[in-house]
Amino acid sequence: MNQPSKIAIIGSTSFIGNAFKAYAFKMGVKEIMTLDRNEGYDFEDGINNFYESLCEFEPQIIVNFAAASMVAESWQDPSLYMHINATRQIALHNRLKSEPWLDLFIQFSTPEVYGSDCVPMTESHKFNPSTPYATSRAACDMSLNTFYKEYGFPVVTLRAANVYGPNQQLYRILPKAIMYAKLGKVLPLDGDGMSMRSFIHIDDVCDGIWKSMWSRAGETYHLSTAEVLPIKEVLRKIRVTYPLVTEYRKERMGKDFCYDLDSSKAEEQLGWTPKISLDEGLKTVYKWIDDNFEELKNRPTEFVL
């Protein structure tokens, strides 16, 4: 496929969606349609406006970042998460499956579908979701796989854990820790801080999404670094720069202890490799927060349903 001239981004004002929109324009895409809750596109309300707008625009590629994504909050209303993340999205796939203008549908999913496992997980790792959020995402991913097998639906699935970088929502762990340190607040942590995570910079993720546009339909790729650390070690890195104080509280329900994604398939087939180390990536977040602190300190650092 030649470089696409028209792309649609669902969930375009999300952290990753907004960053990828800027990246795609930088790479020369001429027309980008954005579909987001702020523009009246909400899976909770239905899919007709999604489908009608997409048919009018006829993008060659659709990239979907939209999801109800707060894991702990999914226990409060599991059916809502299934409704938004699975039922309504599957209904849209069903409407799109025969459209001749669609060359590729990129689904940006989550490693939470696998549950907790500290061995390097390949794309064929079994699904074992631990929360209503993860269950809803697994349901959608499995449905897309059946659509590919039965209809040839041109889906490519990407999974990345703990994406971070400038402009991320302040309730996410890295910017929240930095903001709490600068505000002199104590950062509460679930559990003992020993859960294992890898963090990947938004620039590396955008590069992986871009390169996946030239992959074959039906493929799944992991985008991850090989650096897997306990959360408390990540926070120790932040303490080198900021006087962060933490306190531990009860572990949240269904929290996965470890994600370790094997991204060798993306490296071999897409020519993608992560270029930004956690230490270097954290510096970009420090600069963003330091440069914009007077404005950022008025933003919420807690998620509100």
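The values are calculated or read from the model by the stated rules, or taken from the named source; none is laboratory data. What you see is a predicted model; the values in this text were computed from it and never measured. When we count neighbours, we look across all protein chains shown, and the Cβ atoms used for this are built from the backbone with ideal geometry, even at glycine.
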### Query
Can you find even one residue in region 50-64 that is touching a residue at least 60 places away in the same chain (Cβ under 8 Å), within 26 Å of Arg216 (Cα to Cα) and either surrounded by fewer than 19 Cβ atoms within 10 Å (Cβ to Cβ) or out of contact with any Leu (no Cβ under 8 Å at 6 or more places or on another chain) (or both)?
yes
### Task
With respect to Glu58, determine if the residue is of a type outside the set (Ser, Thr, Tyr) and touching a Phe, Trp or Tyr at 6+ places or on another chain (Cβ under 6 Å).
yes
#### Entry: Candidate set from region 42-76 (those that are at pLDDT below 95 and among the acidic types (Asp, Glu)); member that is farthest from Phe15 (Cα to Cα)
Asp45
### Message
Can you tell me which condition Gln89 does not meet? The list is (1) touching a residue at least 24 places away in the same chain (Cβ under 8 Å); (2) within 26 Å of Cys258 (Cα to Cα), and all the others hold.
### Response
(2)
### Message
Residue under question is Ser124, and the condition is that it be surrounded by fewer than 21 Cβ atoms within 10 Å (Cβ to Cβ), over 16 Å from the mean Cα position of the chain (by Cα) and not in a helix (DSSP H, G or I); does it hold?
### Response
yes
## Note on the structure
Filter region 154-163 for residues that are of a type outside the set (A, V, I, L, M, F, W, C) and not in a loop (DSSP other than H, G, I, E, B); the one that is surrounded by the most Cβ atoms within 10 Å (Cβ to Cβ) is Arg159
### Message
Take the conditions in contact with a His (Cβ under 9 Å, 6 or more places away or on another chain) and either at negative phi or not small (Gly, Ala, Ser) (or both) and apply them to Ser198. Does it pass?
### Response
no
## Note on the structure
Over region 103-121, the set of residues modelled with pLDDT of 95 or more, buried (at least 19 other Cβ atoms within 10 Å of the Cβ) and in a loop (DSSP other than H, G, I, E, B) is Thr110
#### Entry: Residue tally, condition without any contact (Cβ under 8 Å) to a residue 60 or more places away in the chain and either farther than 26 Å from Asp290 by Cβ or in contact with an Asp or Glu (Cβ under 7 Å, 6 or more places away or on another chain) (or both), over region 173-193
1
#### Entry: Single residue of region 260-291 satisfying the filter (of a type in the set (A, V, I, L, M, F, W, C) and in a helix (DSSP H, G or I)) that is surrounded by the fewest Cβ atoms within 10 Å (Cβ to Cβ)
Trp288
### Task
Inspect all residues belonging to region 241-250 and state whether any of them is of a type in the set (S, T, N, Q) and buried (at least 16 other Cβ atoms within 10 Å of the Cβ).
yes
### Message
Quick check on my filter: what residues within region 129-153 are crowded, with 21+ Cβ neighbours inside 10 Å, in contact with a Phe, Trp or Tyr (Cβ under 6 Å, 6 or more places away or on another chain) and not aliphatic (A, V, I, L, M)?
### Response
Pro132, Tyr133, Ser136, Phe153
### Query
Residues of region 1-27 being of a type outside the set (A, V, I, L, M), more than 14 Å from Cys206 (Cα to Cα) and in a loop (DSSP other than H, G, I, E, B), which ones?
Asn2, Gln3, Pro4, Ser5, Gly11, Thr13
